[in-house]
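Just so it is clear, none of the values below were taken in a lab; they were calculated from the coordinates. Remember, predicted model here, so these are calculated numbers, not experimental data. With ideal geometry, Cβ positions are generated from the backbone for all residues, glycine too; neighbour counts draw on all protein chains shown.
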Amino acid sequence: MYAAFGPQGWWPGRTRFEVIVGAILTQNTAWTNVERAIAELKAAKLLRPDAMHMADVEEIAQRIRSAGYFNVKAKRLKNFTDHLFMNHGGSLDRLFNTDNATLRATLLGLNGIGPETADSISLYAANKPEFVVDAYTKRIFSRHGLIRQDAGYDEVKAVFIDGLPKDVTLFNEYHALIVKTAKEFCKSRKPDCDGCPLKAYL
């Protein structure tokens, strides 16, 4: 995949907080919709922890309408910033200054943040070696017979955590390349196996 596509430069976000917001907003929606929502938040000067913390949920919701489920996601963003200010003085450095397991447990304890979102924040914002599993990962690896189609999140994640060096850069690039390969070739319908860089491994 790397030979075919080269480095992906993930996650698409200028700041750690933008990465976090993107990880929450991308739940159940396409990234193009998230980009529009983030642009709206930037225009409203809400793409900072302190500004979002002080904003009303309704104001945030109106800015992220393009991301879908905007009322629910606005509450999730507020839950995150409320936790950040109540428990870490509004500092991402303080939140992230802990071991992987503690950070992941903290994130999973926040309403609306599940394993994929927690691992995305840990890997791409906190630079912790947590592998992100998504639908693309399950699709490619089940089609290659490396996991069961109905394998759970933790089971799939263990394939990578147990089989690879725990390296942030490696995990980052690997996940990004999986997404690229799935979008371009290993599509849910009508996969292009002939052109896929993984063809030789089928």
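Here are a few things to note about the model shown:
- Label-point separation in nm, N100 to A4, each point 7 Å along Cα→Cβ: 2.7 nm
- Normalised by the number of residues in the chain, the average gap of Cα pairs under 8 Å and 6 or more apart makes the relative contact order 20 percent.
- The slack in the chain from D167 to L108, taken as 0.36 nm per residue of separation less the alpha-carbon distance, amounts to 19.1 nm.
- The Kirkwood radius of the stretch 49-202, taken over pairs of alpha-carbon atoms, gives through the Stokes-Einstein law at 4 °C and 1.567 mPa s a diffusion coefficient of 75 µm² s⁻¹.
- Packing rank of 138-151, 26-39, where each peptide gets the mean count of other beta carbons within 10 Å, highest leading: 26-39, 138-151
- Look at the alpha carbon pairs under 8 Å that are at least 6 residues apart: their mean separation over the length of the stretch 16-125 gives a relative contact order of 29 percent.
- Proxy reagent accessibility, fewest Cβ within 10 Å first, across K75, K166: K166, K75
- Net lengthening on full extension, K190/R14 (0.36 nm per residue, minus Cα-Cα): 59.9 nm
- Take the Cα of Y153, step 7 Å toward its Cβ, do the same at E59, and the gap between the two points is 3.1 nm.
- Estimated FRET transfer efficiency when R0 is 22 angstrom, pair T32-H144 (beta carbons, to 0.05): 0.20
- The lysines whose alpha-carbon is closer than 30 Å to the alpha-carbon of K199, local same-chain residues fewer than 8 away aside, are K138, K157, K166, K180, K183, K187, K190.
- Assigned charges on the beta-carbon of Lys, Arg, Asp, Glu; the chain dipole about Cα centre (debye): 480 debye
- Rounded to 0.05, the FRET efficiency of the A39 and K183 pair, given R0 = 25 Å and the Cβ-Cβ distance, is 0.70.
- Comparing Cα centroids, the stretch 153-168 and the stretch 55-75 end up 33 angstrom apart.
- Taking every DSSP helix (H) stretch of at least 4 residues in the chain, weighting each as -39,500 (n - 2.57) and dividing the sum by the residue count yields a mean residue ellipticity at 222 nm of -16500 deg cm²/dmol.
- Shape call, the stretch 1-94: gyration tensor on alpha carbons, a/c limit 1.5: oblate
- Proximal lysines relative to K75, as straight alpha-carbon distance under 24 Å, when same-chain residues fewer than 8 apart are discounted: K42, K45
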